[in-house]
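Just below is one structure, and these are the notes that go with it.
Coordinate-derived values only; no laboratory data. If you're wondering where the values come from, they're calculated on a predicted model, not measured in any experiment. Quick reminder, even Gly has a Cβ in these numbers, built from the backbone with ideal geometry, and neighbours come from all protein chains shown.
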Amino acid sequence: METEERAVVHVPPNEGRSLHMSGDTYTFKAVGENTGGSLVLFEALVPPQGGPPPHIHHAEDEFFWLLEGELEFQTNGRTFMADAGSFVYVPKGTVHRFENVGTRTARMLLAFTPAGIEGMFFEVGRPAAEGSSPSPPDQEEIEKLLAAAPRYNCEVLPPKQH
């Protein structure tokens, strides 16, 4: 039996590919390219009122570990608050969204397994230059997201369906 040998991944602090999407800032630490397709991991900075629209990932499970702040999660009609230290697991096929309903930026780690969904973020998001701030999604970003999502087995839902 052959085993695939992969390199150790090390991303120093404040490094990684950063982009703005859905009003948030995402900095990718691990992607399918350097994990053999096993996972994606990124840090998210979610400003007040930030967060994605309701959506479903049909191909991957998603994990959230909230490091700072508080977020409201909605999953299949259930709403709950998560604060610093909370862990949330969302299995594939689950309608979900999160929103920062607090007054300060929330910071969390997000992971997907298996990898692949990062392509959608890279296709839709805008590069985050050092010192830049995210803005709420404009019509161009919304259209790009709606066009790209099906290619990544992701379904974006209207806000009223959450």
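So, how do all the Cα-to-Cα distances of the chain break down into 10 Å bins, in percent, from 0 on up?
The distribution over the chain is 11, 40, 38, 9, 2, 0, given as percents.
Please report the projected area of segment 66-162's Cα convex hull averaged over all directions, in nm².
Details: hull surface 28.3 nm².
About 7.1 nm², averaged over all directions.
Within 14 Å, Cβ to Cβ, of S18, how many net charges do the neighbouring residues add up to if Lys/Arg are +1 and Asp/Glu are -1? The partial results should precede the final answer.
On the way: positive: R17, K29, R107, R126; negative: E15, D24, E43, E118, E130.
Once all neighbours under 14 Å are counted, the net charge is -1.
Around K144, what is the net charge, scoring Lys/Arg as +1 and Asp/Glu as -1 over all other residues with Cβ under 13 Å from its Cβ?
Values: positive: R126, R151; negative: E123, D138, E140, E141, E143.
Computed value for this residue: -3.
Provide Rg and Dmax in Å for segment 76-115, with only Cα atoms included in the calculation.
When restricted to the Cα atoms of segment 76-115, Rg and Dmax are 11.6, 33 Å.
What net charge do the residues around H57 carry, taking every other residue with its C-beta under 9 Å from that of H57, with Lys and Arg at +1 and Asp and Glu at -1?
Values: positive: K92; negative: E60, D61, E62, E155.
Net local charge, H57 excluded: -3.
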